[in-house]
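Here's the structure, in structure tokens; my notes come after.
The values are calculated or read from the model by the stated rules, or taken from the named source; none is laboratory data. The model shown is predicted, which means the values in this text are computed figures rather than measured ones. No Cβ is skipped: glycine too gets one built from the backbone with ideal geometry, and neighbour counts run over all protein chains shown. We work out accessible area using only protein heavy atoms, side chains counted, and drop any ligands, DNA or RNA first. Shrake-Rupley method; radii C 1.70, N 1.55, O 1.52, S 1.80 Å.
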Amino acid sequence: MIIEKEILQYLVLKDASILEAITKINNNKSRIIFVVSNSGVINGVVGDGDIRRWLATQSEVNLHASINNITTSTYFSANVNDSPLEIEKLFSDSVNVVPLIDKNNRIVAIAKQQADYFEIGDYKIGKEYPAFIIAEVGNNHNGDYDLAKKLVDEAVRADADCVKFQMRDLDQLYRQKSDNSNVNEDLGSEYVIDLLRKYQLHDDDMFRVFDYCHDKGIMPLCTPWDPSSIEKLHNYGLSGFKVASADLVNHHLLEKLIATRKPLICSTGMSREEEIIDSAKFLRSAGTQFSMLHCNSTYPAPFKDVNLAYLNRLQEIGQCVVGYSGHERGINVAIASLGFGARIIEKHLTLDRNMEGNDHKVSLLPDEFTNMVKGIREVEQSIGNEDKREITQGELMNREILGKSLVINCDLKKGNTIHESMIDIRSPGQGLPPYRKKEIIGKEAKHDFRSGDFFFLSDLEDNLQCKPRKYNFKRKWGIPVRFHDLEKLSFGTNPDLVEFHLSYKDLEVDLSDYLKKIYDMDLVIHAPELFAGDHILDLCSQDKEYRNRSINELQRVVDLTREIKKSFRRATGKTLIIVNAGGATQDAPIDPSKRAAMYKLIADSLSKIDQKDVEIIPQTMPPFPWHFGGQRYHNLFMDGKDITTFCKKYNYRICLDVSHSKLACNYHNWSFKEFIENVGPYSAHLHIVDAYEVDGEGVQIGEGEIDFPAMSDWLNEFTPDSSFIPEIWQGHKDNGSGFWYALNKLEQWL
């Protein structure tokens with residue numbers, strides 16, 4: 001439970017307008033507002049549901065009408081002196097905000113149900129949110145304002161979320177006044193006090209550093225060590241406070257912090273468990289929003305003493321978001337804390353570990369801090385969901401290649417019974433998995449089988465297989481095919497074109513074995529991405545020999561295309577050749593400043609190819625392409641502005657793969673509509689398929705995140721003449737049922 005005493009955002013006067021109530025409900029994000037008299041006496045309550053119901057009854061909406069029209073006089077409240085336990089009993093699924101009233105029925109505070117996340121400034125921190133990373137500067141600025149700014153710069157460069165300092169009023173904090181010698185102190189205290197006197201930032205400089213943080217877009221926080229510092233920092237307007245381990249048991253200081261009504265991040269180093277329990281109860285009873293950091297307050301902390309497993313117990317004690325504040329050497333323990341539930345991670349940052357001061361010795365250098373942040377972001381992505389185990393897109397691809405399927409070992413006519421002796425288990429894994437063998441035994445064949453055919457789900461269940469038919473689209477359309485399934489997939493339907501997806505082995509085939517007639521269709525070619533010897537096409541490789549081979553391989557594709565088009569009656573213009581032009585990297589994306597030079601290399605490479613009777617169109621790419629068993633990073637043909645610049649500058653068009661581009665937009669937080677608006681006029685051909693998250697490509701229409709009615713409107717507006725295919729991954733299986741299903745869905749929009 002959280003108790004807020006700054007309550008104006010929850011209140012409107014009884015003569016306020018409905019518009020004012022809506023505005024405050026939107027601002028306080030609690031879906032409720034309380035109606036009060038001029039003296040603060042509660043008259044009633046208005047929830048967002050009340051407003052919706054009122055709107056539904058109005059033939060003509062007047063938002064300036066009085067709030068009294070929708071005020072409800074029935075509400076839950078508690079006395080401000082009630083115990084937290086009594087107040088918490090009022091919360092339910094429908095009640096998460098309770099007004100606290102005095103003896104005169106005036107609202108003096110608001111009790112809110114504790115959310116499952118910790119909120120500080122613009123950050124929500126919890127299981128469903130990214131870890132909050134604090135760069136602890138402390139006093140590592142050594143009293144130098146310019147050094148403090150440099151540390152802020154390094155925290156920003158490392159992609160930390162927050163940079164934290166410390167503030168002390170030494171005269172208030174220590175028993176010895178600042179003009180007295182501290183020689184009577186113990187050696188440890190004498191050393192610390194001497195450092196603090198030398199290396200405190202002046203208050204004005206501290207506030208200037210906070211301002212600098214805001215200018216740089218990083219949250220400043222500070223640990224106040226005394227009431228005077230709390231007051232100064234509160235008056236400055238920090239979003240919250242960090243509580244030092246040494247002060248977790250200092251309830252007097254905690255009371256001062258609680259009075260600010262700001263969120264607290266509390267370190268627990270140096271405290272016994274009973275003290276942590278006591279302080280957690282103290283904070284909860286005050287209705288304060290807080291989190292707790294597991295910590296070992298030795299500098300450096302021995303690895304054997306860190307005890308990350310205690311994070312689970314700390315979460316149970318605090319009933320709050322937990323994190324880790326580390327003083328051990330290196331970055332591995334901080335990263336590992338994620339696996340134990342840490343959602344806030346704090347580590348010290350310095351520019352030089354040899355500087356005077358104990359904290360410097362346990363601090364990370366800028367590059368180390370950067371590597372820690374990178375590691376944290378990688379690990380938190382890998383933690384995933386404890387509730388279920390799903391096959392990822394990349395695993396599905398590898399399962400298809402490496403797995404095994406049920407296949408028939410003989411020819412069989414429709415209606416005949418399938419016997420166990422007819423069933424073999426063979427790779428690849430494109431059909432029914434082996435564990436379903438018993439289900440297929442004894443079934444009647446629903447169609448004719450040839451030896452070596454896969455069994456599919458449609459062989460077990462009725463009405464699963466989508467079958468080809470005649471389609472009616474407003475634009476030219478086709479299906480993706482290989483040489484060997486051209487006849488089978490194009491039979492029974494009316495495509496305007498086929499798109500051959502070539503493998504490097506297809507460059508060696510005798511076309512007469514497959515193209516036995518003249519087909520009344522147009523033609524698109526999808527060039528191979530992989531060539532013999534693990535050569536992935538890359539027209540912008542920095543290795544000249546590698547790039548030249550890519551150019552030569554693509555020229556072979558062009559030459560073969562001229563031969564293929566002789567068998568296609570409608571292939572009278574320039575035949576489109578789709579190419580994944582290259583630019584992927586193995587371990588990390590490149591610096592964006594290098595992209596222009598890579599695009600230039602691609603254009604130079606393409607200029608060396610004889611493109612007579614063909615038009616090479618680079619394909620838009622996803623941020624994390626799947627390359628034959630694993631994932632890489634892509635850098636080119638993702639950004640709509642880059643793509644339009646390339647097309648204008650070098651006079652090229654593209655193949656717009658909407659799945660790839662939706663993933664790029666998801667990853668970079670770009671507008672998908674703006675992307676299509678930018679690249680649509682340069683799109684010669686479309687791959688239409690669904691997508692989800694940042695690497696879920698090629699999924700069936702309606703199984704991802706694309707809003708197809710809206711996207712189709714954008715395509716019809718910005719690229720009305722481009723042809724398309726349904727680029728459903730493994731859509732050719734089961735006699736193309738994935739393609740037919742997709743076309744059935746798309747026919748209503750395209």
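In deg cm²/dmol, rounded to 500, what helix-only [θ] at 222 nm does the chain give when every DSSP H run of at least 4 residues adds -39500 (n - 2.57) and the total is split over its residues? Before the final figure, lay out the partial values.
Values: 24 runs with 245 residues, N = 750.
Calculated at 222 nm, the ellipticity per residue is -9500 deg cm²/dmol.
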In nm, to one decimal, how far is the residue 426 label point from the residue 124 one, both placed 7 Å along Cα→Cβ? 5.3 nm
The long-range amide H neighbours of residue 348, using H built 1.01 Å from N in the peptide plane and a cut-off of under 5 Å, are 136, 364
In sequence order, what are the phi-derived ³J(HN,Hα) couplings for the range 325-330 according to the Karplus relation 6.51 cos²θ - 1.76 cosθ + 1.60 with θ = phi - 60°, rounded to whole Hz, with x for glycine and proline? 10, x, 10, 7, 6, x
Carbon plus sulfur fraction of accessible area for the chain, probe 1.4 Å, in percent: 46 percent
If the label point sits 7 Å along Cα→Cβ of residue 48, residues of the range 86-116 with amide N under 19 Å come out as 92-99, 111-116
Taking the simple approach of a point 7 Å from Cα along Cα-to-Cβ for both residue 633 and residue 534, what is their distance in nm? 2.1 nm
³J(HN,Hα), Karplus 6.51/-1.76/1.60, whole Hz, each residue of the range 154-167, x for Gly, Pro: 5, 5, 5, 4, 7, 6, 5, 8, 8, 10, 10, 10, 10, 9
5 angstrom amide H check on residue 614, placed H, neighbours 5+ away: 575
Length gained, residue 204-residue 367, 0.36 nm per residue minus C-alpha separation, equals 55.7 nm
Hey, which of these cross-link pairs are over 30 Å Cα-Cα: 127/150; 304/361; 150/544? 127/150; 150/544
So for R0 = 45 Å, FRET eff. of residue 399-residue 574 from the Cβ-Cβ r, to 0.05, ends up at 0.70
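Relative contact order of the range 400-506, please, whole-number percent, based on alpha carbon pairs below 8 angstrom and at least 6 residues apart. Kindly include the intermediate steps, with their values, before the conclusion.
On the way: 177 pairs, mean separation 26.2, N = 107.
Relative contact order here is 25 percent.
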Grab the beta carbon distance between residue 66 and residue 92, set R0 = 35 Å, and tell me the FRET efficiency rounded to 0.05. 0.75
Full-extension gain in nm, residue 23 to residue 467, via 0.36 nm per residue minus C-alpha separation: 154.5 nm
Hey, of [x] 36.0; [y] 32.6; [z] 43.0, which did the structure itself give for mean projected area of the Cα convex hull in nm² when calculated? [z]
FRET efficiency for residue 587 and residue 85, using Cβ-Cβ distance with R0 set to 51 Å, rounded to 0.05: 0.45
In the structure shown, do any of 414/565; 149/281; 565/649; 414/437 have a Cα-Cα gap over 26 Å, and if so which? 414/565; 149/281; 565/649
Built amide H within the under 5 Å cut-off of residue 119, gap 5+: 125
Straight-line reach from residue 388: which aspartates and glutamates have Cα under 13 Å away, leaving out those fewer than 8 places along the same chain? none
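Given the range 323-472, what percent of its DSSP beta bridges are antiparallel, to the nearest 5?
Numbers: 7 of 11 bridges.
Percent antiparallel among DSSP bridges in the range 323-472 is about 65.
Restricting to Cα pairs below 8 Å that are 6+ residues apart, what does the relative contact order work out to for the chain? Please round to a whole percent. All intermediate terms of the calculation are to be shown ahead of the outcome.
On the way: 1388 pairs, mean separation 55.3, N = 750.
Once normalised by length, the contact order is 7 percent.
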Using only the heavy atoms of the protein chains and a 1.4 Å probe, how would 324, 667 rank by accessible area, largest first? 667, 324
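Once you've got the Cα coordinates, tell me which of 24/232; 446/470; 443/467; 474/574; 612/745; 600/641 are over 25 Å apart. Don't jump to the answer; show the numbers that get you there.
Working: 24/232 29 Å; 446/470 22 Å; 443/467 21 Å; 474/574 22 Å; 612/745 37 Å; 600/641 15 Å.
Listed pairs above 25 Å: 24/232; 612/745.
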Leaving ligands, DNA and RNA out of it, work out the accessible area of residue 282 with a 1.4 Å probe and give it in Å² to the nearest 10. 50 Å²
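Keeping all protein chains in place, calculate the accessible area per residue for the chain (probe 1.4 angstrom), answer in Å². Please report the intermediate quantities before stating the final value.
Numbers: 35750 Å² over 750 residues.
Result: 48 Å² of accessible area for each residue.
Output the antiparallel fraction of DSSP beta bridges having both residues in the chain, as a percent to the nearest 5. Write out the running numbers ahead of the final one.
Numbers: 34 of 97 bridges.
If I count the DSSP bridges inside the chain, around 35 percent turn out antiparallel.
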Using the Karplus curve 6.51 cos²θ - 1.76 cosθ + 1.60 with θ = phi - 60°, work out ³J(HN,Hα) for each residue of the range 139-147 in order, rounded to whole Hz, and write x for Gly and Pro. 10, 6, 6, 6, x, 9, 4, 5, 5
Determine the sum of side-chain charges near residue 203: Lys and Arg each +1, Asp and Glu each -1, restricted to other residues whose C-beta is under 12 angstrom from that of residue 203. -1
